[in-house]
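Note sheet for the following structure.
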Amino acid sequence: MKKILVVEDNETNMYLISFMLKKNGFGVIEARTGKEGIDLATKEKPDLVLMDIQLPDIDGLEATRRIRDSEANGKIPIIALTSYAMVGDREKALAAGCTGYIEKPINPETFIAEIKKYL
């Protein structure tokens, strides 16, 4: 079973994302802050990270940079999952080390297929 770390501070989004992933056979690790996400990425070594960008402590871009610099294995796919959809936001996420970028609100019909592309 592939493990996916979801770093998301919004409870509704966390519930929806976790539900869809579990329903499709993935193991889910939940983090609600950037710091917790970094710690769990290092400790759990997930197969993929879904990273919200707007988090209550350090933002998802900084958390991504720290995961990339950690012993968590800089090759873990990290997908920015964000409502930031302005010109240049995708490029900022990729420059910070994200492997991909999915805009919120997520489309339940295509979400799992998008995730599978990175695994």
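Read-outs: derived from the displayed coordinates by stated rules, not from any lab. In this text, all values refer to a predicted model and were calculated from it rather than measured experimentally. We place every Cβ from the backbone using ideal geometry, glycine too, and count neighbours over all the protein chains shown.
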Under the Karplus relation with 6.51, -1.76 and 1.60 and θ = phi - 60°, whole-Hz ³J(HN,Hα) for the stretch 104-112, x at Gly and Pro, equal 8, x, 6, 9, x, 6, 10, 4, 5
Given backbone amide H placed at 1.01 Å from N, residues whose amide H is under 5 Å from that of residue 29, ignoring those fewer than 5 places away on the same chain, are 4, 5, 6
Which of the peptides 6-14, 29-37 is most tightly packed, and how do the rest follow, judged by the mean count of other Cβ atoms within 10 Å per residue? 29-37, 6-14
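I need the trypsin sites (Lys or Arg not before Pro) found in the stretch 55-119, filtered to DSSP loop residues with at most 14 other beta carbons within 10 Å of theirs. Spell out each step's value before the answer.
Values: sites: 65, 66, 68, 75, 90, 92, 116, 117; in loops: 75.
The qualifying sites are 75.
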Mean ellipticity per residue at 222 nm, deg cm²/dmol - from DSSP H runs of n ≥ 4 across the chain, formula -39500 (n - 2.57): -11500 deg cm²/dmol
Stretched out fully, how many nm does the piece from residue 20 to residue 103 gain, at 0.36 nm a residue minus the Cα gap? 28.3 nm
Rounded to whole Hz and in sequence order, give me ³J(HN,Hα) for the stretch 54-70 from the Karplus expression 6.51 cos²θ - 1.76 cosθ + 1.60, θ = phi - 60°, writing x for Gly and Pro. 8, 10, x, 10, 9, 6, x, 5, 5, 4, 4, 4, 5, 5, 4, 8, 8
Of the cross-linked pairs 22/45; 22/117; 35/117; 45/117, which ones have a Cα-Cα span greater than 22 Å in the structure shown? 35/117
Between rounded, prolate and oblate, where does the stretch 46-119 land on the alpha carbon gyration tensor, with a ≥ b ≥ c its root eigenvalues, rounded for a/c under 1.5, else prolate if a/b exceeds b/c? oblate
Per 0.36 nm of contour for each residue apart, how much would the distance between residue 43 and residue 12 grow if the chain were fully extended, relative to their Cα-Cα spacing? 8.6 nm
